[in-house]
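S.K.: Provided herewith is a single structure, encoded as structure tokens, for subsequent inquiry.
The values are calculated or read from the model by the stated rules, or taken from the named source; none is laboratory data. The structure displayed is predicted, hence computed values, not measured ones. In this analysis, Cβ positions are derived from the backbone assuming ideal geometry, glycine residues included, and neighbour counts consider all displayed protein chains.
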Amino acid sequence: MPVRVRLGRIVALLSATLGVSLTLAVRGSGPLPGEVGLARWANNNTPGFLDPVAGLLDVLLTDLAAPMVFVVIVALVWLAWGRYPAAVLALAGAATALTRVADLVERPRPTPSLRWSNYSFGSGGYPSGHAVFVVLVFGTLALLARRHLPGPSGRRLARACWALVVVACWLRISRLEHWPADVLGGILLALPALLAVAWLEPRVPGWLADCAGRPHLSRLSRLLGV
């Protein structure tokens with residue numbers, strides 16, 4: 001087994017384990033130790049020039065707008081790189097259903113004064129839906145950019161996607177939209193799915209080619225454009 005694959009499996013297993021452990025830990029009746037201080041520090045020390053970015057992300061990644069944004073991104077990937085990369089991105093987007101665990105944990109979001117409040121159904125804070133979305137969607141887009149857009153352009157687009165992931169996750173804390181554990185939980189729960197997509201993406205075309213004699217798989221291969 002290649003070292004890269006082995007490392008990916010170890011990271012995925014570790015991330016899943018930590019994600020489950022954190023999910024159990026946040027089921028208490030208050031913030032975890034250090035969360036209030038970290039959120040207050042982030043709120044006080046985030047540069048003001050990021051405010052317009054935060055406002056734009058708030059608009060684009062709401063529960064109503066995020067699906068439309070995702071459809072547009074998938075359509076652009078289809079036009080630029082073909083049906084198979086678009087299908088891979090759609091698979092990653094389907095994994096954002098992880099955000100539905102929020103109403104199982106029943107963890108409220110922080111108040112502007114960083115006080116613990118009462119939970120109301122449908123407005124759970126854990127895990128951060130924004131964190132899950134940007135890690136899976138823009139993380140996958142970064143992987144596709146490196147594979148299907150060779151040269152400096154692909155590297156620049158990939159870096160821009162990862163920068164957006166970092167900024168979006170940080171702003172959820174600095175704007176007091178989520179406790180730090182909410183964002184960390186979103187990252188930990190989304191990372192195994194992202195690694196699974198990264199492992200599957202280069203292998204599916206080969207598997208379909210090996211099974212070219214099977215009619216249903218041949219149709220699937222033609223449908224995906226591989």
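S.K.: Determine whether segment 115-137 contains at least one residue that is of a type in the set (A, V, I, L, M, F, W, C), out of contact with any strand residue (DSSP E or B) (no Cβ under 8 Å at 6 or more places or on another chain), within 30 Å of THR46 (Cα to Cα) and at pLDDT below 90.
M.R.: So in segment 115-137, the residues of a type in the set (A, V, I, L, M, F, W, C) come out as 116, 121, 131-137.
After this cut, where a residue has to be out of contact with any strand residue (DSSP E or B) (no Cβ under 8 Å at 6 or more places or on another chain) as well, the list is 116, 121, 131-137.
Okay, now just the ones that are also within 30 Å of THR46 (Cα to Cα), so 116, 131-137.
Of the ones still in play, those that are also at pLDDT below 90 are 116.
Yes - at least one qualifying residue is present in segment 115-137.
S.K.: Next up: Cβ-Cβ under 9 Å, sequence separation 6+ or interchain: first residue in segment 28-50 and among the β-branched types (Val, Ile, Thr), partner assigned to a loop (DSSP other than H, G, I, E, B) and surrounded by 17 or more Cβ atoms within 10 Å (Cβ to Cβ). Which pairs?
M.R.: Pairs that qualify, where the first residue is among the β-branched types (Val, Ile, Thr) and the partner is assigned to a loop (DSSP other than H, G, I, E, B) and surrounded by 17 or more Cβ atoms within 10 Å (Cβ to Cβ), are VAL36/PRO110; VAL36/TRP179; THR46/ARG175.
S.K.: Right, another one. Just the residues that are under 18 Å from VAL134 (Cα atoms) and of a type in the set (A, V, I, L, M, F, W, C), please, taken from segment 23-59.
M.R.: LEU50, VAL53, ALA54, LEU56, LEU57, VAL59
S.K.: In segment 32-49, is there at least one residue being in contact with a Lys or Arg (Cβ under 6 Å, 6 or more places away or on another chain) and within 24 Å of ALA181 (Cβ to Cβ)?
M.R.: At the first step, the residues of segment 32-49 found to be in contact with a Lys or Arg (Cβ under 6 Å, 6 or more places away or on another chain) are none.
Within segment 32-49, none of the residues are in contact with a Lys or Arg (Cβ under 6 Å, 6 or more places away or on another chain) and within 24 Å of ALA181 (Cβ to Cβ).
S.K.: Let me ask something else about it. Of the numbered conditions (1) touching a residue at least 40 places away in the same chain (Cβ under 8 Å); (2) in contact with a His (Cβ under 8 Å, 6 or more places away or on another chain), GLY154 fails exactly one; give the number of that condition.
M.R.: Failing condition for GLY154: (1).
S.K.: Can we say ARG146 is more than 21 Å from LEU61 (Cα to Cα), over 16 Å from the mean Cα position of the chain (by Cα), assigned to a helix (DSSP H, G or I) and free of Cβ contacts under 8 Å to residues at least 40 places away in the same chain? Talk me through it step by step, then tell me what you get.
M.R.: Details: more than 21 Å from LEU61 (Cα to Cα): yes; over 16 Å from the mean Cα position of the chain (by Cα): yes; assigned to a helix (DSSP H, G or I): yes; free of Cβ contacts under 8 Å to residues at least 40 places away in the same chain: yes.
Yes, satisfied.
S.K.: So which helices (runs of 4 or more DSSP H) stay within segment 3-108 end to end and still have 1 or more residues that are over 17 Å from the mean Cα position of the chain (by Cα), of a type in the set (Lys, Arg) and surrounded by 17 or more Cβ atoms within 10 Å (Cβ to Cβ)? So that I can check it myself, show each step before the final result.
M.R.: Values: elements: 3-25, 35-45, 51-60, 65-81, 83-94, 102-105.
Where helices (runs of 4 or more DSSP H) fall fully within segment 3-108, none carries at least 1 residues being over 17 Å from the mean Cα position of the chain (by Cα), of a type in the set (Lys, Arg) and surrounded by 17 or more Cβ atoms within 10 Å (Cβ to Cβ).
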